[in-house]
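Take a look at the structure set out below.
Every read-out reported here was derived from the displayed coordinates using simple, explicitly stated rules and does not represent laboratory data. On a predicted model such as this, the values are computed, not experimentally measured, just so you know. Every residue, glycine among them, receives a Cβ derived from its backbone with ideal geometry; neighbour counts consider all protein chains shown.
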Amino acid sequence: MSLKIYKPRTPGTRGMTTLNYRELLSGHRPTKALVSGGKRAVGRNAAGRITTRHKGGGHKRKFRAVDFRYDKKNIPAKIASIEYDPFRSGFIGLAIYADGEKRYVVLPQKMRVGDSFIVSETATVTVGNRLPLGKLPVGAFVYNIELKPGSGGKLVRSAGTYAEIVAQDAGYTHLKMPSTEIRRVIGTSWASVGEVANPEHRLVNIGKAGRTRWKGVRPTVRGTAMNPVDHPHGGGEGRQGRGLRRAKSMWGKPTGKGQKTRRPKKYSNVFLVSRRRVGKRR
């Protein structure tokens with residue numbers, strides 16, 4: 001295991017863990033042509049008003065141009081380096097195609113520097129290769145999945161995640177998502193074989209509030225600590241219960257504690273085979 005555990009010399013380091021990147025990454029600097037700067041929105045709209053709470057501050061980041069579309073087909077590529085991306089939990093790899101073009105891609109587990117992959121309808125079902133979902137066998141693990149053919153990978157891109165193919169039926173592939181939801185996706189959409197790299201990401205203990213601030217996350221105030229005018233859970237003398245049967249968000253919508261929050265008329269309801277399990281016993 002490549003987790004780094006610290007001696008409790010300060011309260012913040014007691015129980016704090018980080019990943020030992022020296023063991024996990026190849027030590028290369030980012031490729032300059034694929035890196036750009038830019039200003040982050042930090043949860044504000046064009047008028048400067050907060051539209052998404054708890055965002056702001058954090059360390060300055062450089063954006064890596066990661067290829068999710070994979071439009072270079074039938075050209076083999078070799079992984080030249082394994083690198084860190086500040087915008088995602090999984091690792092990225094610098095892929096150098098046989099024609100010399102360089103692109104960043106989200107890496108699967110067990111792929112190392114020097115390994116190859118190919119994007120092709122006739123590719124073998126091996127880790128890193130990318131094929132249409134309809135060409136993959138039942139039981140295969142996939143990641144970086146398209147919802148529409150050619151639209152680029154949208155689903156299952158976080159560290160350590162994968163979706164399992166549970167059925168092929170009438171031109172659609174049934175996928176069991178990391179959330180336990182089973183969803184139909186058209187069989188001509190593409191997906192990569194394997195599981196996203198960096199599965200130990202979920203074991204990291206942040207340890208102190210400051211580390212969360214470095215990531216650009218601002219503090220969250222509990223609804224019960226607010227006044228009634230500010231939150232449905234607010235008010236009362238001293239420490240009070242919320243006074244409601246079910247938890248609500250600031251805007252009165254159901255939230256947390258195993259409640260169903262999906263919109264009844266969501267566009268993708270027709271593609272659901274079974275809903276995700278909710279609650280602590282998921």
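Arranged from highest to lowest average of other beta-carbon atoms within 10 Å per residue, in what order do the peptides 187-199, 135-147, 41-53, 24-36 appear? Kindly include the intermediate steps, with their values, before the conclusion.
Working: 187-199: 21.7, 135-147: 18.5, 41-53: 10.6, 24-36: 12.3.
Highest to lowest by the protection proxy: 187-199, 135-147, 24-36, 41-53.
Suppose every K and R has +1 on its Cβ and every D and E has -1 on its Cβ; what is the size of the dipole of the chain about the Cα centre, in Debye to the nearest 20? Provide the component values of the computation, followed by the final result.
Details: 59 positive and 17 negative charges, 358 e Å.
The dipole of the chain has a size of about 1720 debye.
Under a cut-off of 20 Å between alpha-carbon atoms, report the aspartates and glutamates in cross-link reach of Lys148, not counting same-chain residues fewer than 8 places apart.
Straight-distance partners of Lys148: Asp67, Asp71, Glu121, Glu164, Asp169, Glu181.
What value, in deg cm²/dmol to 500, does the helix sum -39500 (n - 2.57) over DSSP H runs of n ≥ 4 give at 222 nm once divided by the residues of the chain?
Values: 2 runs with 10 residues, N = 282.
It comes out at -500 deg cm²/dmol, rounded to the nearest 500.
So, by mean Cβ neighbours within 10 angstrom, what's the order for 179-185, 214-220 with the highest one leading?
Numbers: 179-185: 17.9, 214-220: 12.7.
Highest to lowest by the protection proxy: 179-185, 214-220.
How high is the relative contact order of the range 211-274, in percent, counting Cα pairs under 8 Å that sit 6 or more residues apart?
Numbers: 52 pairs, mean separation 11.2, N = 64.
Worked out over the range 211-274, it gives 18 percent.
State, as an integer percentage, the relative contact order of the chain based on alpha-carbon contacts under 8 Å between residues 6 or more apart.
On the way: 583 pairs, mean separation 45.9, N = 282.
16 percent.
Would you mind computing the Rg to Rh ratio of the range 25-75 from its alpha-carbon coordinates, Kirkwood style for Rh? Walk me through the numbers on the way to the answer.
Details: Rg = 16.1 Å, Rh = 14.3 Å.
Here Rg/Rh amounts to 1.12.
In the range 45-106, what is the volume of the convex hull around the alpha carbon atoms, normalised per residue and reported in Å³?
131 Å³
So for the chain, Kirkwood radius off the Cα pairs, Stokes-Einstein at 20 °C and 1.002 mPa s: how many µm² s⁻¹? Write out the running numbers ahead of the final one.
Working: Rh = 21.8 Å.
The calculation lands on 99 µm²/s.
At 7 Å along the Cα-to-beta-carbon direction for both Met250 and Ile206, put a label point, then send me their distance in nm to one decimal.
1.7 nm
Averaged over every viewing direction, what's the projected area of the C-alpha convex hull for the range 82-208? Give it in nm², one decimal, please. The partial results should precede the final answer.
Values: hull surface 34.5 nm².
Mean orientational projected area (the range 82-208, Cα hull): 8.6 nm².
Inverting the mean 1/r over all pairs of different Cα atoms, compute the Kirkwood radius of the range 119-170 and quote it in Å.
11.7 Å
Among the lysines, which have Cα under 17 Å from the Cα of Lys60 when same-chain residues fewer than 8 positions away are ignored?
Within the straight-line cut-off, Lys60 pairs with Lys32, Lys39, Lys215.
Of the options Gly258, Ile50, Gly134, report the single residue whose Cα projects farthest towards the positive end of the charge dipole of the chain (beta-carbon charges: Lys, Arg +1; Asp, Glu -1).
It is Ile50, whose Cα lies furthest towards the positive end.
Could you work out the mean projected area of the convex hull around the alpha carbons of the range 118-273, in square nanometres to one decimal?
Values: hull surface 51.6 nm².
Its Cα hull, projected and averaged over all orientations, spans 12.9 nm².
Out of all DSSP beta bridges with both ends in the range 20-201, state the antiparallel percent to the nearest 5. All intermediate terms of the calculation are to be shown ahead of the outcome.
On the way: 36 of 38 bridges.
Antiparallel bridges make up about 95 percent of those DSSP assigns within the range 20-201.
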